[in-house]
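The values are calculated or read from the model by the stated rules, or taken from the named source; none is laboratory data. Because the structure is predicted, anything quoted here is derived from the model rather than measured. A quick note on method: Cβ atoms are made from the backbone with ideal geometry, for glycine too, and the neighbour counts reach across all protein chains shown. Areas reflect the complete protein model, heavy atoms only, side chains present, ligands, DNA and RNA absent. Shrake-Rupley method; radii C 1.70, N 1.55, O 1.52, S 1.80 Å.
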Amino acid sequence: GESVTIMQNTLVLTAQTRDEDGIGAGGLAEEIQVEVRGFMDLDGNLYATRVRERGDADLTETEARGPASNIADPNFEILGIAIDSSFSAFQDAFGMPITAEEFFALIVEGTPVSIEDATYDPVNNSMVGGVIAIEDEMDDTTSSTQAATKGGVSPFGQGIGTITGIQPDAIFSSSFE
């Protein structure tokens with residue numbers, strides 16, 4: 001009822017977490033595919049913004065998104081998940097195909113990346129194959145990552161919060177994401 005763990009990553013559930021399937025409150029009665037969306041704060045804590053069922057469990061159709069780390073071509077990690085890109089296709093931030101060499105030349109520690117349609121090995125917490133993509137335009141991501149790495153100040157950020165006021169704002173009347 002307080003967290004959900006997926007691919008050895010534990011995400012905290014909050015009052016703002018969307019969980020229409022009741023996974024956070026009731027757990028899982030059987031193995032199913034689960035989608036968890038969330039964010040990481042500056043301290044590396046993970047928070048779930050949405051949890052939902054996605055059908056039958058299929059370890060050959062998995063995905064992960066997050067900052068790249070421990071980069072050593074052809075391997076790297078996303079949120080502690082070991083990625084072997086030896087048999088993957090690659091895309092740049094605009095969805096255009098690129099080579100493995102171009103991909104590894106473009107990413108630095110912290111670059112947002114994704115892997116889709118990969119095979120997940122829960123024993124080794126690793127993924128192989130699939131399509132690996134850079135998630136954001138490199139100008140913003142690289143500037144932000146390099147500024148943070150070098151102790152500078154980044155003009156980019158994200159967060160979660162609660163909006164309150166005297167009169168309800170029509171823009172948030174149907175919730176927001």
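Remarks
- Per residue, the solvent-accessible area of region 1-143 (1.4 Å probe, heavy atoms of protein chains only, all protein chains present) comes to 56 Å².
- Solvent-accessible surface (1.4 angstrom probe) belonging to F94, in square angstrom, nearest 10: 140 Å²
- When the solvent-accessible area of region 1-136 is split by element, carbon and sulfur atoms take up 49 percent of it, the probe being 1.4 Å.
- Once the C-beta distance of V108 and E20 is scaled by a Förster radius of 35 Å, the resulting FRET efficiency is 0.40 to the nearest 0.05.
- Cα gyration tensor category, rounded, prolate or oblate, for region 22-67 with a/c compared to 1.5: oblate
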